[in-house]
Structure formats: C-alpha cells, structure tokens
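J.: Dropping the structure in here first, questions after.
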Amino acid sequence: MNINLYLKNAHVFNVYLKKFIYANIAISGNQFLYIGAEKTPTVPDKIIDLQGKYVVPGMIDCHMHIESSMAAPRTFMKGSVKNGVTTLIAEPHEIANVFGLEGIRAMAETLKAGPADVYIAIPSCVPSTNEMLETTGAVIDSATVKEMMRMDHVICLGEVMNGHDLLKGPDTRTSRLVKQVRAERPDFPLEGHLPRFLGWDLAQILFSGVGSDHTDQSLDTVKERIANGCFIQLQEKTLRSDIIRYLIDNNLFEHFAIVTDDTMPDAFIERGTLNFLVKKAMKLGMTPEQAIYAVTYTPACHMGLRDKGSIAPGKIADFAIIDDPCNFNILRTYCAGKEVYNHDTVEREKTDTSFPKHFYHSVHVPLLQEDSFCLSYNVAGNTKVRCRLLVVSRDTTFVKESTVELPVRNHQIDWENSPYNLAVVIERHGKNGGRGYALVGGSCLKRGAAATTYAHDHHNLLVIGQNKKDMTIAANTIIKNQGGYVAVLNDKIEAFAPLPIAGILSDQPLPVLGGQIKQVRQSLEQLGYEHNNVIMSLSTLSLPVSPFFKLTDRGIIDVQRQKIVPLMV
C-alpha cells in the first residue's frame with residue numbers, strides 16, 4: 001500500500017491508552033495506515049522527521065455556532081485550523097433566523113471550499129420560542145427538517161432551546177420536531193439547551209430523547225445530569241475548579257466534552273478556540289492527556305464520528321503537531337492527510353464574497369427619527385408611573401426583573417432624566433415593523449448608546465441608550481450599513497463593526513473583524529457597561545429562551561412563563 005506521508009520520531013497521543021507513545025506515523029491517502037516502530041514496507045512519498053515533537057488528533061468542536069464569531073464561514077474555518085481544530089459541528093440557527101433553509105444552504109455551499117471538515121446540526125428552534133413572542137425572517141418547520149435530514153454532512157438535531165415547549169406536552173411544535181427526528185433518523189444525537197432544568201422537568205426532557213446540555217452549570221447540575229445519562233458539553237464559563245475536580249475524582253471522562261459554543265472574533269484572534277480551553281482545563285487541574293481526550297475522542301464518540309478523534313489505522317488523518325502538551329502551541333495542522341496550516345508560512349488574508357448578493361440587503365427598516373424612542377403614556381397632567389425594569393448582571397446573561405417609578409410629562413415618560421436605559425427591538429425582516437420597549441438597568445450602559453442587528457436569535461434591530469439623539473445615530477448607522485455593531489457617545493460614533501452578510505456576518509478577514517469588535521467592546525465598557533463579555537450580554541438581552549426576562553420586537557418576555565408582560569406595571 002502506498003505511503004504518502006511518513007512522520008517519524010514523534011510522541012503520538014493514543015486516545016485508547018490515554019497517553020503519549022513514541023512512534024512513527026504512516027499515512028495513506030486521507031487515512032492513518034500505521035502507528036508504531038517497525039520499518040516501512042515501501043518507500044514513502046514524503047518523510048518528515050518531527051524530532052520528538054508531539055502529535056494529537058485533530059480537535060473536534062462538537063457544539064458551536066460559526067455565526068457567533070460574526071466571521072464568514074471560510075474565514076472561520078481558516079482560523080480554526082490555525083488552532084488545531086479540524087472538525088466542527090456547526091448549528092446555523094443564527095443565519096436560519098434571517099434566511100431560513102436558503103441561509104443554511106448558502107452556508108453549506110461556502111463551507112465546501114474551507115480547510116476544515118464541517119458537519120451541520122439541524123436548527124430545532126427557529127424561532128427560538130414562537131411567532132407570538134418574536135418575529136424572525138424565516139421559520140424552520142417539519143418540512144424544512146425533513147429536507148435537511150437528506151442533506152450531506154447533516155449529523156444531528158441542533159440544540160433544543162425551548163425546553164418549556166417540550167414540557168407542555170407531545171403536541172407542541174418542539175415536541176413534534178423531536179419526535180420526527182427520532183423516528184426518521186434514530187442515529188442522530190439530539191442536542192439540548194437546558195438551563196436551570198432539574199428534577200422531573202429535566203427527566204421529562206431527557207425522556208423525550210434530548211441527550212446533552214451545553215449551558216452554564218453548577219456542580220450540582222453537573223452531578224444530576226451525568227447521573228441521569230445526560231452528556232455534558234463544557235463551555236468556558238463551566239470550566240470551574242469544583243466541576244473539573246469532580247469529573248477527575250470520579251473518572252467521568254466518557255461523559256463530557258469541551259466545546260466553544262460561541263467565540264467572539266477578538267477572542268478568536270487573541271486566544272484561539274478549543275486550544276485555549278485545553279490550556280484552561282489544564283490550569284484547573286486536568287492533565288494534558290485528560291484535556292486532549294475531551295476535545296478529540298469523547299466528542300467524536302458523542303457525535304458518532306467513528307473515523308475521527310483518534311490516531312489509529314483506518315481513521316481519517318486529521319491531526320495537529322504541537323510543541324509540548326503543557327504549552328499546547330499549534331505548529332502544524334493536517335486535515336485528511338493534507339497540511340492546512342503551518343505556523344512558519346504567512347498567508348495573505350482575504351475577504352469572503354461567497355454569499356449571494358441579496359444576503360447583503362436584509363435590514364428592512366426605514367431611517368428613524370428621535371420620536372422613535374419616546375415612551376407615550378396617555379394620562380392627563382403630570383404624574384408618575386411604575387415601570388418594569390430589566391436588570392443586567394455583570395457575571396451572567398440572565399436578566400432579572402425589578403420596578404421603578406418615573407415621572408410623566410406631557411404624555412411622555414421622562415426616561416432620559418433617569419439613570420436607566422431605554423431599549424428598543426425593531427423588527428427588521430420586513431414582516432410587520434413591530435417594536436418592543438423596555439427600561440434596562442444594572443450593569444448596563446451609563447451614557448451614550450449602542451445598536452446591533454446581532455440580537456440573539458431573531459436578529460432584529462436592537463437599540464439601547466441613555467438619550468434619544470445617540471440612539472437615533474446608532475440605529476441609523478446600522479440601517480444604512482445593512483447590519484453591524486455600533487457604539488455612540490455625544491453624537492459621535494465611537495466604534496463600528498459592519499456585519500453586512502444577513503446583518504450578522506462580516507466579509508472581512510478575521511484580524512480586521514477582530515479589531516473592529518474589540519473597539520466596540522472597549523467602547524461599550526467606556527460607556528459604563530460592566531460584564532465579562534459585554535457583546536454577548538447585550539446581544540442576549542433579546543434572547544427569549546434565556547432566563548429570566550428579555551425583550552423582543554413583541555415586547556418584554558417573561559421567559560419562565562413564556563408570556564409577554566407590559567412595560568407599565
């Protein structure tokens with residue numbers, strides 16, 4: 001058998017033994033042929049002496065969203081292989097909320113030309129709740145799911161975000177989609193999004209077939225989920241010392257994987273993706289072998305990728321060469337036996353123009369005037385009114401509720417002379433022009449304004465600020481540029497990141513986009529926003545499946561009850 005590539009004198013990570021062994025690697029075509037010390041029976045086409053360097057399987061990110069990086073897919077893939085990630089399980093519900101199946105197909109088409117291997121998860125919740133609570137550009141229904149199950153590289157049902165809908169009974173939209181996939185593709189994993197579900201509620205969701213959870217965890221929720229057979233996907237905010245210690249002490253390495261979920265573009269540039277999380281897991285107590293196992297073999301097993309996740313005969317030759325397991329610096333990456341990244345090679349960054357032209361014209365909102373940010377209250381004379389207040393916390397994306405009393409002058413609630421922000425979500429898909437209003441406090445903006453079409457998951461136009469003038473400038477900047485993220489102070493644009501593709505993706509190279517988003521992040525912080533991830537906090541202010549109160553174009557949503565509640569109490 002022909003040997004195309006022969007790597008000698010390497011420390012190779014064997015996932016079955018969970019340790020490094022000193023060996024040579026023979027690759028034939030796109031597969032590993034031999035790992036060991038014996039001489040080759042034929043002369044290899046190419047020989048590389050690794051001189052004791054370390055080789056690990058290509059990392060597998062089994063729960064992530066390319067759109068969360070705001071980078072175009074090919075740009076994202078190019079960045080991924082630089083970080084040793086060769087396989088992505090991408091759930092494209094962000095672009096599906098804008099363009100539906102057409103958006104998913106456009107994304108799948110552009111993924112074909114990238115350097116990594118990308119599998120697609122069927123979005124199960126588009127919209128994330130229902131059309132009464134939020135307006136999206138498209139809806140993923142039973143017919144769409146049926147069509148997607150026949151698409152190439154579709155591998156699972158994406159995160160079932162509306163657990164409350166599952167609990168309502170077998171005839172809800174979410175329950176029907178879950179049953180449909182279980183019946184027609186029993187081999188598909190059903191991915192979960194189960195924040196704060198415990199006891200009987202958790203059991204019923206798992207009973208429905210949903211088998212994993214990637215949301216923020218406490219030690220107790222990790223214990224309960226694993227005890228009930230739920231696979232845990234640990235994103236960064238769940239990589240905590242108490243959880244890591246519990247997993248190590250109880251040898252639970254078959255029951256979890258490390259995932260990114262969402263990666264901000266500036267963090268992508270500065271830290272990396274899964275490679276950064278491997279380093280963090282090691283700092284928290286995992287050995288290099290344990291951390292590598294959790295980004296290679298367990299995600300492969302969870303997703304049924306039997307030919308990936310290990311370096312062994314017959315497996316796809318996805319791997320990374322690293323300097324040292326403790327440092328975990330990526331030197332080279334190979335996908336299907338071909339080199340896709342070399343740290344010694346400088347490549348020219350390119351823009352991504354692979355999407356159809358009409359994807360650049362998806363923000364259907366007329367330019368706004370300052371009166372768009374008035375709160376009318378039709379009572380005679382000057383009085384006061386008690387309003388609902390959404391309270392942002394600095395360490396979580398969960399939003400709590402409070403109430404405040406504000407003066408009414410000439411039939412207008414005087415919010416500008418209060419310490420609170422006005423937030424407005426404006427429907428931008430050309431459906432109904434709906435608008436939802438809320439007052440926002442806590443660790444949010446203290447001055448200026450911000451606006452974005454990157455508003456999870458419906459991606460309508462979200463505007464928030466301390467005064468009408470800055471809010472108008474922010475909103476119109478986004479409208480004129482067909483999407484983006486902007487911060488404004490005293491009539492001046494402080495930072496702007498254009499997102500012209502579907503209003504959620506940039507066509508610029510990752511270093512350019514990363515720099516733009518970093519400026520937006522810094523500007524939001526200078527405007528008083530306090531959070532460990534201000535971009536994500538602001539974007540999820542409108543996500544009506546994330547506890548506890550959120551804002552959509554329909555109004556304020558009580559997430560637990562899945563009801564619209566009034567601004568005026």
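The values are calculated or read from the model by the stated rules, or taken from the named source; none is laboratory data. Computed from a predicted structure; not experimentally measured. We place every Cβ from the backbone using ideal geometry, glycine too, and count neighbours over all the protein chains shown.
J.: Being under 14 Å from the mean Cα position of the chain (by Cα) and on the phi < 0 side of the Ramachandran plot narrows it down to one residue among Glu131, Glu109, Glu102, Glu94; which is it? So that I can check it myself, show each step before the final result.
T.: Numbers: Glu131 fails: under 14 Å from the mean Cα position of the chain (by Cα); Glu109 fails: under 14 Å from the mean Cα position of the chain (by Cα); Glu102 fails: under 14 Å from the mean Cα position of the chain (by Cα).
Step by step, each of Glu131, Glu109, Glu102, Glu94 is checked, and only Glu94 is under 14 Å from the mean Cα position of the chain (by Cα) and on the phi < 0 side of the Ramachandran plot.
J.: Sort out for me the strands (runs of 3 or more DSSP E) sitting completely within the range 436-543 that have 3 or more residues that are crowded, with 24+ Cβ neighbours inside 10 Å and over 17 Å from the mean Cα position of the chain (by Cα).
T.: In the range 436-543, 449-452, 461-465, 484-489 are the strands (runs of 3 or more DSSP E) which contain 3 or more residues that are crowded, with 24+ Cβ neighbours inside 10 Å and over 17 Å from the mean Cα position of the chain (by Cα).
J.: Condition check: surrounded by 14 or more Cβ atoms within 10 Å (Cβ to Cβ) and small (Gly, Ala, Ser). Does Ser376 satisfy that?
T.: Details: surrounded by 14 or more Cβ atoms within 10 Å (Cβ to Cβ): no; small (Gly, Ala, Ser): yes.
Here the answer is no, as Ser376 does not meet what is asked.
J.: Would you be able to say whether some residue in the range 211-219 is out of contact with any strand residue (DSSP E or B) (no Cβ under 6 Å at 6 or more places or on another chain), farther than 20 Å from Pro170 by Cβ and modelled with pLDDT of 95 or more? Walk me through it before giving the result.
T.: Kept after step one, since they are out of contact with any strand residue (DSSP E or B) (no Cβ under 6 Å at 6 or more places or on another chain), are these residues of the range 211-219: 215-219.
Within this subset, residues satisfying the condition of being farther than 20 Å from Pro170 by Cβ are 215-219.
Pick out the ones that are also modelled with pLDDT of 95 or more and you get 219.
For the range 211-219, residues out of contact with any strand residue (DSSP E or B) (no Cβ under 6 Å at 6 or more places or on another chain), farther than 20 Å from Pro170 by Cβ and modelled with pLDDT of 95 or more: present.
J.: Check every one of the strands (runs of 3 or more DSSP E) wholly within the range 1-84 and list those with 1 or more residues that are of a type in the set (D, E, K, R) and at pLDDT 95 or above.
T.: It comes to 5-14, 19-28, 47-49, 59-64.
J.: Considering only residues that are touching a residue at least 60 places away in the same chain (Cβ under 8 Å) and assigned to a loop (DSSP other than H, G, I, E, B), which ones fall in the range 93-117? So that I can check it myself, show each step before the final result.
T.: Filtering the range 93-117 down to residues touching a residue at least 60 places away in the same chain (Cβ under 8 Å) leaves 93-95, 97-99, 103, 106, 109-110, 113, 115-117.
If the condition is that a residue be touching a residue at least 60 places away in the same chain (Cβ under 8 Å) and assigned to a loop (DSSP other than H, G, I, E, B), then Ala113, Pro115, Ala116 are the ones that fit.
One line per residue, one yes/no per condition, for (1) touching a helix residue (DSSP H, G or I) at 6+ places or on another chain (Cβ under 7 Å); (2) more than 14 Å from Asn14 (Cα to Cα):
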{"position": "Glu270", "(1), (2)": "no, yes"}
{"position": "Leu274", "(1), (2)": "no, yes"}
{"position": "Met282", "(1), (2)": "yes, yes"}
{"position": "Thr296", "(1), (2)": "no, no"}
{"position": "Pro299", "(1), (2)": "no, yes"}
{"position": "Leu305", "(1), (2)": "no, yes"}
{"position": "Phe319", "(1), (2)": "no, no"}
{"position": "Ile322", "(1), (2)": "no, yes"}
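J.: Looking at this structure, is Ala227 farther than 28 Å from Val278 by Cβ and small (Gly, Ala, Ser)? Give the derivation first.
T.: Working: farther than 28 Å from Val278 by Cβ: no; small (Gly, Ala, Ser): yes.
So Ala227 fails the test.
J.: When you check Thr136 against the structure, is it assigned by TED's automatic domain parsing to the domain that holds Thr75 and within 19 Å of the chain's Cα centre (by Cα), yes or no? Steps first, please.
T.: Numbers: assigned by TED's automatic domain parsing to the domain that holds Thr75: yes; within 19 Å of the chain's Cα centre (by Cα): yes.
When the stated conditions are applied, Thr136 passes them.
J.: Determine whether the range 247-264 contains at least one residue that is part of a helix (DSSP H, G or I), of a type outside the set (Asp, Glu) and either over 23 Å from Pro511 (Cα atoms) or outside the structural domain of Met303 (by TED's automatic domain parsing) (or both). Before you say what the answer is, go through the steps one by one.
T.: Narrowing the range 247-264 to residues part of a helix (DSSP H, G or I): 247-249.
Of the ones still in play, those that are also of a type outside the set (Asp, Glu) are 247-248.
The next check asks that each one be either over 23 Å from Pro511 (Cα atoms) or outside the structural domain of Met303 (by TED's automatic domain parsing) (or both); those that pass are 247-248.
The answer is yes, given that some residue of the range 247-264 is part of a helix (DSSP H, G or I), of a type outside the set (Asp, Glu) and either over 23 Å from Pro511 (Cα atoms) or outside the structural domain of Met303 (by TED's automatic domain parsing) (or both).
J.: Can you give me the number of residues within the range 399-431 that are of a type outside the set (A, V, I, L, M) and not in a loop (DSSP other than H, G, I, E, B)? Break it down stepwise before answering.
T.: So in the range 399-431, the residues of a type outside the set (A, V, I, L, M) come out as 400-403, 405, 407, 409-412, 414-421, 427-431.
Then drop every residue that is not not in a loop (DSSP other than H, G, I, E, B), which leaves 400-403, 405, 407, 409, 412, 421.
Selection size over the range 399-431: 9.
J.: Are there any pairs with C-beta distances below 9 angstrom linking a residue in the range 199-219 that is farther than 12 Å from Leu167 by Cα to a residue that is in a helix (DSSP H, G or I) and of a type in the set (Phe, Trp, Tyr), with the two at least 6 apart or on different chains, and if so which?
T.: Leu219/Tyr246
J.: Same structure, new question: What's the number of the condition Pro566 fails, among (1) closer than 18 Å to His65 by Cα; (2) out of contact with any Asp or Glu (no Cβ under 9 Å at 6 or more places or on another chain); (3) of a type outside the set (A, V, I, L, M)?
T.: Checking Pro566 against (1) closer than 18 Å to His65 by Cα; (2) out of contact with any Asp or Glu (no Cβ under 9 Å at 6 or more places or on another chain); (3) of a type outside the set (A, V, I, L, M), the one that fails is (1).
J.: Name the residue that is farthest from the chain's Cα centre (by Cα), counting only residues in the range 221-248 that are more than 18 Å from Gln290 (Cα to Cα) and among the polar types (S, T, N, Q).
T.: Residue satisfying both the conditions and the ranking: Asn228.
Yes or no, residue by residue, for (1) closer than 15 Å to Val424 by Cα; (2) free of Cβ contacts under 8 Å to residues at least 60 places away in the same chain; (3) outside any loop (DSSP other than H, G, I, E, B); (4) out of contact with any helix residue (DSSP H, G or I) (no Cβ under 9 Å at 6 or more places or on another chain):
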{"site": "Ser362", "(1), (2), (3), (4)": "no, no, no, no"}
{"site": "Val365", "(1), (2), (3), (4)": "yes, no, no, no"}
{"site": "Leu368", "(1), (2), (3), (4)": "yes, no, no, no"}
{"site": "Leu389", "(1), (2), (3), (4)": "yes, yes, yes, yes"}
{"site": "Thr397", "(1), (2), (3), (4)": "no, no, no, no"}
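J.: Which of the residues belonging to the range 544-569 are of a type in the set (S, T, N, Q) and under 18 Å from the mean Cα position of the chain (by Cα)? So that I can check it myself, show each step before the final result.
T.: Going through the range 544-569, the residues of a type in the set (S, T, N, Q) turn out to be 546, 552, 560, 562.
Within the range 544-569, Ser546 is the sole residue that qualifies.
J.: A follow-up question, please. Look at Asn97 and say whether it is in contact with a Phe, Trp or Tyr (Cβ under 8 Å, 6 or more places away or on another chain) and farther than 20 Å from Pro189 by Cα.
T.: Working: in contact with a Phe, Trp or Tyr (Cβ under 8 Å, 6 or more places away or on another chain): no; farther than 20 Å from Pro189 by Cα: yes.
Against the criterion (in contact with a Phe, Trp or Tyr (Cβ under 8 Å, 6 or more places away or on another chain) and farther than 20 Å from Pro189 by Cα), Asn97 does not qualify.
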